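Quick notes on the structure that follows.
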Amino acid sequence: MTNLKNHPAFWLREDAAEAFNKAEDKHGIFHVNSAGRTVSQQQELINRWAKGGIANRPPYLYKPANPASASNHVAHGGIAIDIANWKAFAEIAAEAGFVHLYPGGDPVHFEFTGTKISNVIKFDQATFDRQKFLNTIGYNLVVDGRKGDLTTSAYKKYQSFLRAYGYAGAIDGDWQTLTQAAHTMYLKSRVAKSIAKSSAHATIHKGSKGSIVKLWQNYLKTTYPLYAGNLKVDGDFGSDTDAKTKEWQKRSGLKSDGIVGSKSWAKSGL
């Protein structure tokens, strides 16, 4: 039993506590709701759940394992932890040695995998990348690199969407060759649309004037306030706009020449 370095009111088994402490050293402090528990503490939660009522059910309390000794907050020396900002922890949980077992039923709950736990879905980088991508187009997945029921369901919905891009396989949630081929076609269509949209904008640079310059200045000012927040939106592509444009191009991996042409417009998405 070891108290957590940044949360002295909470504890975990020694190796689990060490792993969590290292995760916070690297990624910052997470909001811990609960960690290791005694049998009596777990029983209190069981009793609270049984009592019912708004204050004793989600989001204030997820159904606790019963009997008390069955909970991994109690068993194996205390290897379970509940995190309020669980979506952020889910992204680095595998790296830290924790597994997100119940994203659909008890999303705050994570368990240290130093102890063998049955039915643990292993972290997969391809799944992690696909979850992140799907979230960019409106899905709301936990990005944890594990293909559970929610991710499988999302894959099925995406496969249905990909019918319009040549997908002829089964709607089975299995992202294999046919799904990947249609996914590639969809991405190519997005790039083509972006380029077509950007070609409608004239090339602008230092000395340019007019509404198109205002559009560009407003994009820089509102999208990148850290270094362009003080940019004047006046329709005059002067020295300040030129400098801010070059900085944006540098950060965006483009040639830093201050010329806003098709590549810059496409990158901006305007």
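Since every read-out is calculated from the coordinates, none of them should be taken as a lab result. Computed from a predicted model, the values in this text were never measured in an experiment. As a convention, Cβ positions derive from the backbone with ideal geometry for all residues, glycine included, and neighbour counts pool all protein chains shown.
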- Message: Please check: in the Gaussian network model of the chain (C-alpha springs, under 10 Å), which one of 43, 176, 131 has the largest mean-square fluctuation.
- Response: 176
- When the chain is treated as a GNM, springs tying every alpha-carbon pair under 10 Å, which of 152, 127, 38 comes out with the largest mean-square fluctuation? 38
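If you take every residue apart from residue 159 with its C-beta less than 13 Å away from the C-beta of residue 159, what net charge results, scoring Lys and Arg +1 and Asp and Glu -1?
Numbers: positive: 130, 156, 157, 163; negative: 172, 174.
Result for the neighbourhood of residue 159: +2.
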- Message: Can you compute the helix-only [θ] at 222 nm over the chain? Use -39500 (n - 2.57) per DSSP H run of at least 4 residues, normalise by all residues, nearest 500 deg cm²/dmol.
- Response: -14000 deg cm²/dmol
- Item | Net dipole in debye of region 1-151 [+1 Lys, Arg Cβ; -1 Asp, Glu Cβ; about Cα centre; nearest 20] | 340
- Per residue of region 56-64, in order, report the coupling 6.51 cos²θ - 1.76 cosθ + 1.60 (Karplus, θ = phi - 60°) as ³J(HN,Hα) in whole Hz, putting x for Gly and Pro. 10, 10, x, x, 7, 8, 8, 4, x
- Task: Report the residue, chosen from 28, 78, 97, that carries the largest GNM mean-square fluctuation when the chain is represented by alpha-carbon nodes joined by springs under 10 Å.
- Result: 28
- Query: Near the amide H of residue 10, under 5 Å away, which other amide H atoms are found, from residues 5 or more places off or on another chain, if H is placed in the peptide plane?
  - Reply: 4
- Task: Determine one quarter of the surface area of the Cα convex hull of the chain, which equals its mean projected area, and express it in nm² to one decimal.
- Result: 19.0
- Would you mind ranking 201, 31, 100 by Cβ crowding within 10 Å, fewest neighbours first? 31, 201, 100
- Karplus-derived HN-Hα couplings along region 162-178 (A = 6.51, B = -1.76, C = 1.60, θ = phi - 60°), whole Hz, x at Gly and Pro: 6, 4, 6, 10, x, 6, 10, x, 6, 8, 10, x, 9, 7, 10, 4, 5
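Please give the FRET efficiency for residue 256 paired with residue 187, using the beta carbon to beta carbon distance and R0 = 35 Å, rounded to the nearest 0.05.
According to the calculation, E is roughly 0.85.
Which of the chymotrypsin sites (Phe, Trp or Tyr not before Pro) found in region 53-88 are loop residues per DSSP with 14 or fewer other Cβ atoms within 10 Å of their Cβ? The partial results should precede the final answer.
On the way: sites: 60, 62, 86; in loops: 60, 62.
The qualifying sites are 60.
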- Message: Through the Karplus equation 6.51 cos²θ - 1.76 cosθ + 1.60, θ set to phi - 60°, convert the phi angles of region 234-246 into ³J(HN,Hα) values in whole Hz; use x for Gly and Pro.
- Response: 10, x, 10, 7, x, 5, 5, 4, 4, 5, 5, 5, 4
- Item | Unit charges on C-beta of K, R, D, E only; dipole of region 1-49, Debye | 120
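Classify region 12-132 as rounded, prolate or oblate from the Cα gyration tensor: take a ≥ b ≥ c as the square roots of its eigenvalues, call it rounded if a/c is under 1.5, otherwise prolate when a/b beats b/c and oblate if not. Working shown, then result.
Numbers: a/c = 1.75, a/b = 1.46, b/c = 1.20.
Judged from the Cα gyration tensor, region 12-132 comes out prolate (a/c at least 1.5, a/b above b/c).
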- Would you please give the FRET efficiency between residue 15 and residue 66, computed as 1/(1 + (r/R0)^6) with r the Cβ-Cβ distance and R0 = 22 Å, to the nearest 0.05? 0.25
- Message: Under a crude label model (7 Å from the Cα following the beta-carbon direction), how far is residue 150 from residue 92 in nanometres?
- Response: 2.0
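Please label the shape of region 125-197 as rounded, prolate or oblate, based on the square roots a ≥ b ≥ c of the eigenvalues of the alpha-carbon gyration tensor (a/c under 1.5 means rounded; beyond that, a/b larger than b/c means prolate, else oblate).
Taking the square roots of the gyration eigenvalues as a ≥ b ≥ c, region 125-197 is oblate.
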